[in-house]
Amino acid sequence: MIFAANWKLNKTSKEMEVFFSTFLKSNILKKALQDKKKIIFFPQALLSAGLSQIFNQFLNDNPILVKDHLSWGLQNTFYHNEGAFTGENSALTMKEMGGQFSLVGHSERRSLFKETNKEVSKKLVLLQQLGVVPILCFGESLELRQSGEYKDFILQQLKESLLSVDLSKRIILAYEPIWAIGTGKQASTEDIQEIGTLIKEKFPKLELLYGGSVKPSNVKAIVNQKEISGVLVGGASLDPQVFLELISSCYNS
Ligand code: PGA
């Protein structure tokens, strides 16, 4: 099971240190890692070096815990490794620093930064070449949900985003309905199941996460669905106690 924390543009490096000084000491974390739950942090790019150092220290101090179970990645990487692309993040450099994942096509990238399916597809292809695991975000707006055309939209979004992508290599999908992100309104279990079934029919081998207002009180019902391999968490991953509570909520079954 995957617990991915999307911190978005939050936390200074001091605040990150404070977060991990609580989070890494927790027995809930130790138990989760021993149980091979996978916890992945997505901080803003400027925090990468500090985060990588904190994790390396933790893994040195806890050699029993398998490295791949606590990892990190970037919220966005570009489709070239280098060149005249002012302001972009290189996935190659991230990998060199120990990052193993990259979010791609988050709805905030698509709406605020006008990222297209074509660009998303190019990013996925490069990440696969580098051996970085992409987490491809997809999902419909409220208007599309209300119009009833959301399933066609989702399939088209995925078709275009996955163009030229090698589906035999690991790529994780994350269903994030836009109307559920940061709004406190998570999709119902029926909504998630409906999309889960749709996705598993088309892409039976791919892992599927759910994201959008995931919190300690609703996470268990979400991860209990057989199509769902984990969650992508925004707001509820910012406080170490809340994120730990969210992780531990999945155990009481
Ligand atoms: P949220 O964000 O959990 O705050 O709704 C999720 C996301 O945008 O990935």
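The values are calculated or read from the model by the stated rules, or taken from the named source; none is laboratory data. Small disclaimer: the values here were computed from a predicted structure and weren't measured. Virtual Cβ from ideal backbone geometry, glycine too; neighbours counted across all protein chains shown. Ligands, DNA and RNA are stripped out before the accessible areas are found, and what is left, the full protein with its side chains, is counted by its heavy atoms. Shrake-Rupley method; radii C 1.70, N 1.55, O 1.52, S 1.80 Å.
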Alpha-carbon centroids, region 155-193 and region 1-40: separation in whole Å: 23 Å
Relative contact order of the chain, defined on C-alpha pairs under 8 angstrom at six or more residues apart (%): 19 percent
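Shape of the chain from its Cα gyration tensor (a ≥ b ≥ c, root eigenvalues): rounded if a/c is under 1.5, otherwise prolate when a/b > b/c, or oblate?
Values: a/c = 1.62, a/b = 1.16, b/c = 1.40.
Oblate shape, in that a/c is at least 1.5 and b/c is the bigger or equal ratio.
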Qualifying lysines (Cα of each under 24 Å from Cα of LYS114; at least 8 residues distant if same chain): LYS8, LYS122, LYS123, LYS151, LYS159
Under Karplus coefficients 6.51, -1.76 and 1.60, residue-wise ³J(HN,Hα) of region 166-181 in Hz, glycine/proline x: 8, 6, 7, 8, 5, 8, 9, 9, 10, 7, 10, x, 4, 5, 9, 7
Shape box of region 70-166 [Cα atoms, principal axes, largest first, Å]: 45, 27, 26
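Please report the orientation-averaged projected area of region 133-253, defined via the convex hull of its C-alpha atoms, in nm². Don't skip to the end; give the middle numbers.
Numbers: hull surface 30.3 nm².
Here the figure is 7.6 nm², rounded to one decimal.
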Amide H contacts of LEU70 (H built 1.01 Å from N, under 5 Å, at least 5 apart or other chain): ILE39
THR12 accessible area, 1.4 Å probe, all protein chains in place, Å² to nearest 10: 70 Å²
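About the Cα centre of the chain, how large is the charge dipole given +1 on each Lys and Arg Cβ and -1 on each Asp and Glu Cβ? Please answer in debye to the nearest 20. Walk me through the intermediate numbers first.
Details: 29 positive and 26 negative charges, 94 e Å.
So the dipole magnitude of the chain works out to roughly 460 debye.
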Inter-label distance, nm, simple model (7 Å from Cα along the C-beta direction), ALA49/LEU163: 3.8 nm
Accessible area (Å², per residue) of the chain, counting only protein heavy atoms and a probe of 1.4 Å: 47 Å²
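Report the FRET efficiency, 1/(1 + (r/R0)^6), for VAL18 and GLU88, where r is their Cβ-Cβ distance and R0 is 30 Å, rounded to 0.05.
Values: r = 29 Å, r/R0 = 0.98.
It comes to 0.55.
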Backbone HN-Hα couplings from phi across region 21-31 [Karplus 6.51/-1.76/1.60, Hz, Gly and Pro as x]: 5, 8, 4, 6, 8, 6, 5, 4, 5, 4, 5
